[in-house]
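Visitor: Below: one structure in C-alpha cells.
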Amino acid sequence: MSVNGDPLHSVESGKRGRNGRACRERVRYRGWVLALVAILALGALLVGMPAVQPVQARVSSTTSMVPPPVYSPPPPVEGDAPMDPPLHAQIIEYRVQPGDTLSEIAEDFGTDASPLAVINEMDNWNRLQPGDTVKVLTMSGLLHKVAPGETAEEVARKHGVDKVDLLAVNGLRENQTLQVGEELIVPGARPQREAVLAARGELYRWPLRGRLTSPFGYRWGGFHSGIDIAASPGTPVGATRPGRVRFAGWRGAYGNLVIVDHGEGITSYYAHLSSIAVSVGQTVDQGTTVGRVGSTGRSTGPHLHFEIRVNGDPRNPMDYLP
C-alpha cells in the first residue's frame, strides 16, 4: 500500500494535527485559569488584611504636654523691620483644677515650677486654689514688666540675655519705645534665688516654734504691730531671713530688741528677749540665733513679739511666713 496514498495514514495525520492544536489550546486555557485563580486569591488575601494606617494614626495619643523647643536666636535683622516672634513664644492662661499642684501644672506644660511661680508673682505656691488663673510661658524664660523709661537693652542686660533674642521673641524693632507696664518675654532668663524662695513661701521662716497667742491688728483698743509666739524661757530665736543687724539693745516696751535689716526697706523685729546674741552691724543668715525668749519690757509672760516692717510700716507677718 502506497504511503502517500494510504487513506489511514492521512486520517491519522489529520488527527495528530487536530490533537496538537487542541493540546495547545488546553494549555493556554489552563494558564488563563491559573492566572485568574491567582488574581482572585490575591484579591481575597488583600481584602482580608487590615488596612495599613499612617504612622501618625498608629501613635497612641497622650495627655502630657510636649516640652517647648529650645529657643535658637534668629539671624540679625537689617533695618527697622520687626522680627516675627516664634510660634512657641506664647503666654497661656491656665485655670487651676481641683487637685492640681504647681509642680504638676509645670510638668504638663514642659516647664519648671520655680519660674512658673516667679512669673505669677506667687508668695507661696502651696496655697494654690481651684479656680486660680496661672500664666504659663511656653518656652524657657521669664516675664518682665516694663518700667518707665526702660529700654530693651536695659531689660536684656538686667536678665543677662542677648538683646537680639529679646527683640525677636517679642516682635520688636531696634530702638523701639517700650510701653510702660508691658510684659516682655525674656527667653532663657532664670529666676533669682530669693525670688524663687519668695514664690515657694520659703523666703521667710518662723523665728521659733511655739503657740500663736496674739495676731496682728487691732486688739484691746490699740494696734498690735506684730504677732506674739509663746515659748519656754530661753528658747532660741532665729532670724527670719538673711540680713544685717541694725539694732540690738533695750527699747522701751519692746524690752530687749533685735532689728535685722533685710534690704529693700524690709526689717524684722524680735522683742521681749531675755538675752541678745548678736551685735549691731553683724551679718546673719536665715536661722541664725539673734537672742532667746524672755519677758522683758511690757510683757505678760515669756513669748516673742515678732514684726515685719516695709519702709517702716508694720505688715502682717502671717502674709510672709510659710
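Visitor: Among the residues of the stretch 209-236, write down those that are surrounded by 18 or more Cβ atoms within 10 Å (Cβ to Cβ) and in contact with a Ser or Thr (Cβ under 8 Å, 6 or more places away or on another chain).
Guide: Matches in the stretch 209-236: G210, F216, I227, D228, I229.
Visitor: Out of the stretch 129-157, which residues are farther than 9 Å from V186 by Cα and under 21 Å from the mean Cα position of the chain (by Cα)?
Guide: Scanning the stretch 129-157 gives Q129, P130, G131, D132, T133, V134, K135, V136, L137, T138, M139, K145.
Visitor: For the structure I just gave you, tell me whether G226 is outside the structural domain of W125 (by TED's automatic domain parsing) and of a type outside the set (S, T, Y).
Guide: Answer is yes for this residue.
Visitor: With respect to T111, determine if the residue is surrounded by 16 or more Cβ atoms within 10 Å (Cβ to Cβ) and within 12 Å of the chain's Cα centre (by Cα).
Guide: So T111 passes the test.
Visitor: Hey, another quick one. State all residues of the stretch 300-313 that are surrounded by fewer than 17 Cβ atoms within 10 Å (Cβ to Cβ) and either of a type outside the set (D, E, K, R) or touching a Cys at 6+ places or on another chain (Cβ under 9 Å) (or both); if no residue qualifies, say none.
Guide: T300, G301, V310, N311, G312
Visitor: Right, here's the next one. Among (1) closer than 18 Å to V237 by Cβ; (2) free of Cβ contacts under 8 Å to residues at least 40 places away in the same chain, there is one condition D313 misses while meeting the rest; what is its number?
Guide: (1)
Visitor: Next question. Checking the condition closer than 14 Å to Y204 by Cβ and not small (G, A, S), which residue from I266, I276 passes?
Guide: Exactly one of I266, I276 is closer than 14 Å to Y204 by Cβ and not small (G, A, S), namely I266.
Visitor: Next question. Taking the stretch 252-281 as the region of interest, how many residues are outside any strand (DSSP E or B) and exposed (fewer than 15 other Cβ atoms within 10 Å of the Cβ)?
Guide: Total meeting the criteria: 7.
Visitor: Take the stretch 119-141 and flag every residue that is modelled with pLDDT of 85 or more and either in contact with a Pro (Cβ under 6 Å, 6 or more places away or on another chain) or part of a helix (DSSP H, G or I) (or both).
Guide: Those that are modelled with pLDDT of 85 or more and either in contact with a Pro (Cβ under 6 Å, 6 or more places away or on another chain) or part of a helix (DSSP H, G or I) (or both): I119, P130, G141.
Visitor: Okay, next question. Any residue that is surrounded by 17 or more Cβ atoms within 10 Å (Cβ to Cβ), under 23 Å from G201 (Cβ atoms) and touching a Gly at 6+ places or on another chain (Cβ under 8 Å) - is there at least one of those in the stretch 124-139?
Guide: The answer is yes, given that some residue of the stretch 124-139 is surrounded by 17 or more Cβ atoms within 10 Å (Cβ to Cβ), under 23 Å from G201 (Cβ atoms) and touching a Gly at 6+ places or on another chain (Cβ under 8 Å).
Every residue, every condition in (1) surrounded by fewer than 17 Cβ atoms within 10 Å (Cβ to Cβ); (2) among the charged types (D, E, K, R); (3) within 16 Å of L116 (Cα to Cα), yes or no:
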position: R157; (1), (2), (3): yes, yes, no
position: V161; (1), (2), (3): no, no, no
position: N170; (1), (2), (3): no, no, no
position: R173; (1), (2), (3): yes, yes, no
position: T177; (1), (2), (3): yes, no, no
position: E183; (1), (2), (3): yes, yes, yes
position: L197; (1), (2), (3): no, no, yes
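The values are calculated or read from the model by the stated rules, or taken from the named source; none is laboratory data. Note that the coordinates shown come from a computational prediction; the quantities given were computed from them, not determined experimentally. Note that each Cβ is placed from the backbone with ideal geometry, even for glycine, and that neighbours are counted across all protein chains shown.
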